[in-house]
1. Taking the options 42, 36, name whichever one is surrounded by 13 or more Cβ atoms within 10 Å (Cβ to Cβ) and in contact with a Lys or Arg (Cβ under 9 Å, 6 or more places away or on another chain).
2. Looking only at strands (runs of 3 or more DSSP E) that lie completely in the stretch 12-92, which have at least 2 residues being modelled with pLDDT under 90?
3. Collect the residues in the stretch 1-11 that are in a loop (DSSP other than H, G, I, E, B) and either touching a Phe, Trp or Tyr at 6+ places or on another chain (Cβ under 6 Å) or modelled with pLDDT under 85 (or both), keeping them in residue-number order.
4. Within the set of pairs 6 or more residues apart or between chains, which connect a residue that is closer than 13 Å to residue 81 by Cα and of a type outside the set (A, V, I, L, M) inside the stretch 16-33 to a residue that is open to solvent by 70 Å² or more (accessible area, probe 1.4 Å) and modelled with pLDDT of 80 or more with Cβ atoms less than 7 Å apart?
Amino acid sequence: VSDDSLAYVSHSTGYRSGGINQAINPLVGNAIYEPESVRAWEAGFKSMLFDRRVRVNAAAYHNKYSNLQFQVLQLNGPIAYNAPGANVKGVE
């Protein structure tokens with residue numbers, strides 16, 4: 001925007017592979033968990049004002065997860081599961 005201010009927008013994707021729960025208990029019904037993916041968007045600005053005495057930065061973000069992986073600690077160890085999805089939004 002100028003020598004002292006910058007604006008940006010970004011989009012990225014991420015992936016975490018699925019796997020198999022290695023539970024001691026053979027009765028665990030959910031042995032396989034699916035891969036997780038995320039799409040992330042961010043927009044913001046950074047600036048130095050008043051002869052570089054004041055810095056103002058701000059950003060807004062939104063992450064959209066599919067097949068969100070999470071673990072539950074059980075007596076026979078942690079078991080991984082999938083949630084259908086999740087959204088994480090924020091401003092900083």
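The values are calculated or read from the model by the stated rules, or taken from the named source; none is laboratory data. Since the model is a prediction, treat every value here as computed from it, not as a measurement. Neighbour counts run over all protein chains shown; Cβ positions are idealised from the backbone, glycine included. Side chains included, ligands, DNA and RNA excluded: accessible areas come from the protein's heavy atoms. Shrake-Rupley method; radii C 1.70, N 1.55, O 1.52, S 1.80 Å.
1. Step by step, each of 42, 36 is checked, and only 36 is surrounded by 13 or more Cβ atoms within 10 Å (Cβ to Cβ) and in contact with a Lys or Arg (Cβ under 9 Å, 6 or more places away or on another chain).
2. Of the strands (runs of 3 or more DSSP E) lying wholly inside the stretch 12-92, those with at least 2 residues that are modelled with pLDDT under 90 span 54-74, 77-91.
3. The answer is 1, 3.
4. 18/32; 18/34
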